[in-house]
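The values are calculated or read from the model by the stated rules, or taken from the named source; none is laboratory data. What you see is a predicted model, and the numbers here were worked out from it, not measured in a lab. Because the Cβ atoms are built from the backbone with ideal geometry, glycine has one as well, and the counts that use them run over all protein chains shown.
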Amino acid sequence: MRSLSSAIREELAGIEDTMDLIERGCGQEDHLIGLQVSLCKLAKTLTMVGLVSVGNLLQELLPTSPSQSLDSQFLARLAEALLHVEGVVAGLEHSEYSQLQDQESNCFVRHQLTEARIVVLGEAKATLVLAKRAIAAYLDFQGERLHLANVPVSLDAVRGGLWFLGLEHAASLTGACADCIRSQMLDSQQIPAEPTLETLADALTCLEYYLEGGTPDSQLHILDLATEALRALTLPAVA
């Protein structure tokens, strides 16, 4: 579109130069013929690119005789019409620039969202690994709850990040893991049986594998495994 605008501007400049010569009294026949040819060419060009109204405007102003080309009123109307064409061309260039800005803006937004996704998934995977280590330390130290103190809060943060990315199922399962740690480990006076802790760790591992694979639909079966593991812990929040 920009090259087309440049071509139209060149034709306009040529016509204006010819009009200037005519107004200064250089009304030779070749200038008059050249004006008619240039106007006809520009009118057809504008019509072909969809600017039918301005094309028709110039077509109606085509001189029918040499004497008409020398008429001051005709030249004034033609000058006004050419200003209108210049305005239309400028509008096209501005519209193209605005579209380019929109494209650049959309590209920047997509880049920012991609970066945010990478960060969120990276932090989520790291948190799941730390959660499994905390569970192992909790078991090794005979139910020392201090090792799990920050785990539910961290998992809740992961849940929020996954919701932000539109991974609702994974977010729900992560929240269920956090609830399990709160209810069966932090708020309970008894240490859960080792198989229970292993099942919870399996659920966290499934979530980790799912995120590690980039969360494609082809790996949704991994979330099904996490769901089954959490169901085995009799958690009502797991659907």
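Report yes if LEU233 is outside any helix (DSSP H, G or I) and touching a residue at least 40 places away in the same chain (Cβ under 8 Å), otherwise no.
Values: outside any helix (DSSP H, G or I): yes; touching a residue at least 40 places away in the same chain (Cβ under 8 Å): yes.
Judged against the criteria, LEU233 is a match.
What about ALA81, is it over 23 Å from LEU165 (Cα atoms), surrounded by 15 or more Cβ atoms within 10 Å (Cβ to Cβ) and modelled with pLDDT of 75 or more? So that I can check it myself, show each step before the final result.
Numbers: over 23 Å from LEU165 (Cα atoms): yes; surrounded by 15 or more Cβ atoms within 10 Å (Cβ to Cβ): yes; modelled with pLDDT of 75 or more: yes.
Spelling it out, ALA81 is indeed over 23 Å from LEU165 (Cα atoms), surrounded by 15 or more Cβ atoms within 10 Å (Cβ to Cβ) and modelled with pLDDT of 75 or more.
Within the set ALA137, ALA126, ALA226, the sole residue that is among the hydrophobic types (A, V, I, L, M, F, W, C), surrounded by 15 or more Cβ atoms within 10 Å (Cβ to Cβ) and modelled with pLDDT of 90 or more turns out to be ALA226.
The residue list GLY175, GLY160, GLY143 contains one member that is more than 15 Å from LEU121 (Cα to Cα) and in a helix (DSSP H, G or I), which is GLY175. Quick check on the stretch 154-176: of everything there that is without any contact (Cβ under 8 Å) to a residue 12 or more places away in the chain and touching a helix residue (DSSP H, G or I) at 6+ places or on another chain (Cβ under 9 Å), which residue is surrounded by the most Cβ atoms within 10 Å (Cβ to Cβ)? Of everything passing the filter in the stretch 154-176, TRP163 is surrounded by the most Cβ atoms within 10 Å (Cβ to Cβ).
Can you name every residue in the stretch 199-220 that is modelled with pLDDT under 90 and either hydrophobic (A, V, I, L, M, F, W, C) or in a helix (DSSP H, G or I) (or both)? Quick ask: steps written out before the conclusion?
Of the stretch 199-220, the ones modelled with pLDDT under 90 are 212-220.
GLU212, ASP217, SER218, GLN219, LEU220, listed by residue number.
Could you check the stretch 178-198 and list, in sequence order, the residues that are assigned to a loop (DSSP other than H, G, I, E, B) and hydrophobic (A, V, I, L, M, F, W, C)? Quick ask: steps written out before the conclusion?
Kept after step one, since they are assigned to a loop (DSSP other than H, G, I, E, B), are these residues of the stretch 178-198: 187-193.
Selection gives ILE191, ALA193.
Within the stretch 53-72, one or more residues are over 16 Å from GLU11 (Cα atoms), modelled with pLDDT of 75 or more and loosely packed, with under 12 Cβ neighbours inside 10 Å.
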